[in-house]
Amino acid sequence: MTCNLGILESLSVVSIAEISENWNGFCSTSEALLKGSGDLSFSAEFIKQVKNLCEHGLASLVEQHFLRCVQETFERNGARRFWSYFEPYSNVAPLETNKDPILEEEIQQVICKALEEISSEKQYQEKCLLLLAHALQSYEENKSQGQVNPDSTRVYLFSKYQLIVSSVLLASLPRHFPGILHWYFRGRLEELSTIAGANSEDDDELGMDDKMDLDEKSKLPNKCGNTDSDRNHKYARFSGNNKLVKNIGMVVRDLRNIGFTSMAEDAYASAIFLLLKDKVHDLAGDDYRSSVLESIKAWIQAVPLQFLRALLEYLGDFTSCNDPSSGLKSPLASHPSLCYSGTGIPSEGLVRWQLRLEYYAYETLQDLRIAKLFEIIVDYPDSAPAIEDLKQCLEYTGQHSKLVDSFISSLRYRLLTAGASTNDILHQYVSTIKALRTIDPAGVFLEAVGEPIREYLRGRKDTIKCIVTMLTDGTGGNPNGPGSSGDSLLEELNRDEESQENTIVDDDINSDDKQAWINAQNWEPDPVEADPSKGSRSRRKVDILGMVVGIIGSKDQLVSEYRVMLAEKLLNKSDYDIDAEIRTLELLKIHFGESSMQKCEIMLNDLIDSKRTNTNIKATIKHQPQPERRDLEVSLDNLNATIISSNFWPPIQDEAVNLPEPVEQLLTDYAKRYTEIKTPRKLMWKKNLGSVKLELQFEDRAMQFNVTPLHASIIMQFQDQKRWTSKNLAAAVGVAVDVLNRRINFWISKGVLTESTGADSADHVFTLVETIIDTGKSGTIDGGCEELLAGDEDGEQSVASVEDQLRKEMTVYEKFITGMLTNFGSMALDRIHNTLKMFCIADPPYDKSLQQLQSFLSGLVAEEKLELREGVYVLRK
């Protein structure tokens, strides 16, 4: 409709007077109608005036004037009064920090009263607007002789009016009103959750049925009817509290009525999501030994979705969707969407809500577990249920990169620090591999997470030793801990043995054309986070042992360290029980090859041969007449010798020591009998190695010890002489004074000897303690055996360490390095390494790694023979 004001020029004076009279009456009647608050007595007169003005072509002017009056009246009587109800609550704290039930109840009443009042005002104005629409529609029908849509004018006016209402209210919207709505919905939903929780306690069996995954239920056709009836029963029980749901529905309906549809949905949606977040945190907590995902999904079905179903039905939005979209499936779960209505057809709105809630629950639980992933891995495998939950969440959300970034940050801050021991770092690394192998069997993300740990461990000097200890020690290299098979790598060696036994079967399967075709059909590309230098996930296998050994980079270094550790363990054995060592060696041969472990095998064979030889020598004694034993003479039955092939053992630490005469005679007799049996072989004794079992008899006590030969030689000097000076005792034992002073502290600490200052302050005096009263110290009387074996004191070892061996082997190249630096002035590490490989090809050829060369050069820098300046080495002047 348009307003043609030019027609006024053709009007007569009578027509103009008639228009003026009708217009004035229309204006006053409109004002009276809008102020009438329910009084529609002017309706007949109003309709007549509107028709008269329309007949003169002023329909558009009538419409615009009336809508303007409606807007002014709504601003004055509707919006202003509506917002005045909420002014006292502009400074109210959020619900999370303010749990005042009285204030909550007050706000609920205010919201309901304000919405009821403004809805009543709006309803009356719509009645007035309906009069205008009826008058305009009658005129249009008469004019067009019934060819106009009878509802077009009404629809147009009502849409304009709804726009006016929304515009007026939004233009004056207080900043705190969305928060008040959130407060209201959050409180009501918490109340519903409490009611649902109380009801669920009375129906545990039904609750367990709800926790069952829906795809499992779909496999049980004979129980589908029961499942539907169970849900209907639960809904009926939930909607039995219809007063609360009805109140919420009325508020939502009134908010929609005034144009706040989006605001209302945002308010109760945010309240639902926050309530769901609190529920996830409450169920998950810090307990990682149980799965919580199914409980969360059951709660979603029991509370939010049931509430939304009741709400949508109350609002009239619960419609079945027969179109193809009704088959929409959640990307977060394998089961089909739920059917809530009696017809079995799902509500599209409810399905969309289910998708939103499930995704939010998975994402919230995922973030919670990722934030605590470090603690979860520390507790692995006890925390396996939490890892399984995290795996499912990541499968649905696909946010693996968040896990990688967060966990690497936690590792750098909490694990890869100077305060963490290498053993602890390695144990955490192994647990990380095992845990993330569950989440990512292909090992794509494990590569990214493990790289910072590997890089850090390469810079620690004791990494190789700790790895070897984990490979050979059942306690996982942690002697102070309780010992867990999960910490040891021996179980991984066992798996390697089993996999090798199944190699033939695996090869047959892989060569099968049908299986190859199936693998090709199931192929998937690697994620974008995958390292392109690695193989495809179809060929990649997470090998825990390989990843740990890969930290070193060279198996030769690990084998060398194992030789040293094995030699130390064998030399300190007081018997010939090596079954555990043989088992470990066989497992290591599977992973590293027999050729690499050949020397270690010879070492173990030496102990086997030693046991046989020792038995044969003692057998010859029984069949030969023995001379009468002198005082203090030791029988050969008390001696067990370990005979080694020195060419295949690591360098043995040799230390001169004078043994007592009876012991020297015993060793001589043993060597003589060995030569008789193993002609022409001869024994060369390492007198500082081995262990000696002693029983010391005092006036008031007896004490037993298991010590090194040097410690035994020291204490046996006091058998004939009760008092010694340090210089005389050192000369008698055959060691330096400082070595004696260091070793004799063991006997002083046990209360066997006392130390005092002699005439010479540098020459201490040691005295045997015959009775405890002499010192006032309590000792062990007839107690257990005290042990002190080689390597237990001052960190000394029987076998030269790998570092010492390397330093000795590299000494031959020191002159070459000095000559190169003299000629070239300065050289980088890579250049020195390549030059040695190029020119040192004679015996012995240069075959060291870059890391070994760097370690040797660092030793020369420490000895102040070289200097390292800006990454290059120069001779120290």
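The values are calculated or read from the model by the stated rules, or taken from the named source; none is laboratory data. Since the structure is predicted, the reported quantities are computational estimates derived from the model, not experimental observations. Glycine also receives a Cβ, built like all others from the backbone with ideal geometry; neighbour counts cover every protein chain displayed. Accessible surface areas use protein heavy atoms only, side chains included; no ligands, DNA or RNA. Shrake-Rupley method; radii C 1.70, N 1.55, O 1.52, S 1.80 Å.
Miscellaneous remarks
- Accessible area (Å², 1.4 Å probe, nearest 10) - D700: 60
- Formal net charge of residues neighbouring I578 (Cβ-Cβ distance under 14 Å; K, R +1; D, E -1): -4
- Efficiency of FRET from Cβ geometry, Q123 and L283, R₀ 60 Å, rounded to 0.05: 0.85
- In this rough spin-label picture, where each label sits 7 Å from Cα along the Cβ direction, the L868-I195 distance is 7.3 nm.
- Comparing segment 653-768 with the 2.2 N^0.38 Å rule of thumb, its C-alpha radius of gyration ratio is 1.20 (two decimals).
- Summarising the amide proton neighbourhood of I578: residues at separation of 5 or more, or on other chains, whose placed amide H is nearer than 5 Å comprise an empty set.
- Per-pair calculated FRET efficiency, R0 = 60 Å: K678 and E388 via Cβ, rounded to 0.05: 0.45
- Converting phi to 3J(HN,Hα) with the Karplus coefficients 6.51, -1.76 and 1.60 and the offset θ = phi - 60°, segment 124-130 yields 5, 5, 5, 5, 4, 5, 5 Hz in sequence order, with x at every glycine or proline.
- Label point distance in nm, H176-N605, each placed 7 Å from Cα along Cα→Cβ: 9.1
- Multiplying the residue separation of R253 and S90 by 0.36 nm and subtracting their alpha-carbon distance yields 56.3 nm.
- Subtracting the Cα-Cα distance of W83 and F158 from 0.36 nm times their residue separation leaves 24.7 nm of extension gain.
- Calculated FRET value between V812 and T757, using beta carbons and R₀ = 56 Å, to 0.05: 0.75
- Whether segment 802-875 is rounded, prolate or oblate, judged on the alpha carbon gyration tensor where a/c under 1.5 counts as rounded: oblate
- Ranked by the mean number of other Cβ atoms within 10 Å per residue, highest first, peptides 72-83, 857-868, 385-396 order as 385-396, 72-83, 857-868.
- In this view, the solvent-accessible surface of L368, computed with a 1.4 Å probe and all protein chains in place, comes to about 30 Å².
- Of the chymotrypsin sites (Phe, Trp or Tyr not before Pro) found in segment 832-877, no site is in coil according to DSSP while having at most 10 other Cβ atoms within 10 Å of its Cβ.
- Under a 5 Å amide H cut-off, with hydrogens placed 1.01 Å from N, L866 pairs with V861, R876 among residues at least 5 apart or on other chains.
- In order along segment 261-278, phi translates into HN-Hα couplings of 4, 5, 5, 5, 5, 4, 5, 6, 5, 5, 5, 5, 5, 5, 5, 5, 4, 4 Hz, rounded to whole numbers, per the Karplus curve 6.51 cos²θ - 1.76 cosθ + 1.60 with θ = phi - 60° and x for Gly and Pro.
- Take the Cα of K727, step 7 Å toward its Cβ, do the same at S554, and the gap between the two points is 4.9 nm.
- As a rough guide to protection, the peptides 738-749, 297-308, 128-139 ranked by mean Cβ packing within 10 Å, highest first, stand as 297-308, 128-139, 738-749.
- Sulfur and carbon atoms: percent of accessible area, segment 802-875 [1.4 Å]: 54
- Near the amide H of N688, within less than 5 Å, lie the amide hydrogens of E655, all on another chain or at least 5 residues away, with H placed in the peptide plane.
- Between S12 and R583, full extension at 0.36 nm per residue minus the direct alpha carbon distance yields a gain of 193.3 nm.
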